[in-house]
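Just below is one structure, and these are the notes that go with it.
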């Protein structure tokens, strides 16, 4: 019982520690529960079977592999074990049975004067076994066809640990919620345990892998799902019976002639022929006859994850990842970026210089090496950091303001409070690339850096090491859309439009990595014919319990929070008369004898107090990507990253080495127990 409360205390631990604690607790709890429930069976079997209890424990542990279980499934397992232990603690303990041998000299059986109490057998001591519930998917997948479709998703990522499922995550992922909805809606039928997330049998692909806290309004996945279209019936060939030869002059010949005469009479023109009721075969409608996939999934998904559209027909060889030519991101922020409070001498205010930010953003456009604008992961062994940015700018969000919170009038020099977003279009992005780009642009907006800082960081020949600056927060970032064009179109510097189609997809993408290409790139004619929710039936969008109705409830709750918190802030900021100065004025805060304590905006709700601001180019330099890759490869047993790259299937080699190490540790532990 001590192991189960330990699981409760492990919920707030970090992800990996939490996962190890869950596995340890559940394994121990399973062994405790199993030992108490099979005591009677072991008393009987140990006298007849040479198998030891340790080997049975090993088999039980192998069956309960908790590494791939979701957090919810782990919690359910803990509740099951708690219920088992509670029921066992309430049941009376079974008394040990003893057998005695009595030698008698009587030769004939005699009836005892008093009834003799018989020792109950092991089977009688065992509690009645509960019938295991049959796991049923509700449908027979062999009776249905499947089809490959694309889904366009939207989700608010604040409460999720990213889009991609990870068994070690402390927060649920978007893929985890999608899996549960697809399985519960019988759109996919896993061959094994439905609680184990494995998309590989369903031709699954995703366009973007958003990180923890990042939202998406245009995420795209492709997956093979169940269809309403029934498989064609297999017609068995009819076996024609062999005709017997009827000899003339026999009774059989006369009977056959009478039957043929009756058939001829029914075919005469004056007589009514029996009508054959044959209904016309209905043609298959690809949308009206098909499952409404968005509607089914939206009923099962959480309120902050919704399916907006689906594509019934896809181009040949479609992949949500590799068929995407453009990904659009938007990072939202307010101006002012922080409350316009009383400033210390030399401190920059929270008002952002939008024209300077626009100038800095334009330096990102084109093909550049972004190694100083990303986080390098040695496990990915990336050596090419060149990415093309089609467009980068600062745009105003029309029709949005700070919700009436404005106690500072028009701000500094007549500035108005507005909502903006950092807009970027590109073919692909590195890990945390956009959040690094936004962080530098914010420094420019606060007047802490010049716009040309972007050009300096993009010059990797001069600055090959990334300065250790802090990237922007994750919550305001949104994957806005994913584009799958029929024909990419480029506008050269002279204004001439050229359609970029030269054959294979690799040829079409080659211009993105061509440093000599200087034109503007636009993508025309969406290659995916999306069926948006409501185009099939308007009620699915605007009707009662439609998608708008569902999202309205979610939005209205948060809008009231925004309204009330804004009015509270307005009341607090305007009630006091600061001109009275009834108390003694405190000196400004100091650090290392200096007064300048600069607050730096990074897109989050809380501003960072950096003390004396250190310019980006004077910050501590990080290791180069080559050094990071070498260090990671050496930790996996290779000489360096080049040695690992030259090893065929090096990822499989690492997995095999890891499995061998585990086996060696397990063998060493078993040898110690034997000794």
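Where a number appears in this text, it was derived from the coordinates with a stated rule and is not lab data. Source: prediction; values computed, not measured. Heads up, the Cβs are rebuilt from the backbone with ideal geometry, glycines too, and the neighbour counts pull from every protein chain shown.
Order the peptides 556-566, 431-441, 145-155 from the highest to the lowest mean number of other Cβ atoms within 10 Å of their residues.
Descending mean neighbour count gives 431-441, 145-155, 556-566.
With a point put 7 Å past each Cα toward its Cβ, work out how far residue 639 is from residue 572 in nm, to one decimal.
6.2
I need the shape label for the range 278-374. Rule: rounded when a/c is under 1.5, else prolate if a/b > b/c, else oblate, with a, b, c from the alpha carbon gyration tensor.
In terms of gyration-tensor shape, prolate.
So how much slack lies between residue 557 and residue 648, counting 0.36 nm per residue of separation and subtracting their Cα-Cα distance, in nm?
Gain on extension, residue 557 to residue 648, equals 27.3 nm.
Multiplying the sequence separation of residue 289 and residue 398 by 0.36 nm and subtracting their Cα-Cα distance, what value in nm do you get?
Net length gain for the segment: 35.2 nm.
Ranked highest first by the average count of other Cβ atoms within 10 Å around their residues, in what order do 475-481, 575-581, 386-392 fall?
Descending mean neighbour count gives 475-481, 386-392, 575-581.
What is the distance, in nm, between label points placed 7 Å from the Cα along the Cα-to-Cβ direction at residue 618 and at residue 581?
My value for the distance between the label points is 3.3 nm.
Residue 158 to residue 171: extension gain in nm, 0.36 nm per residue of separation minus the Cα-Cα distance?
3.6 nm
Can you tell me which of 453-464, 534-545, 321-332 comes out highest on packing, and rank the rest after it, using the mean Cβ neighbours within 10 Å?
321-332, 453-464, 534-545
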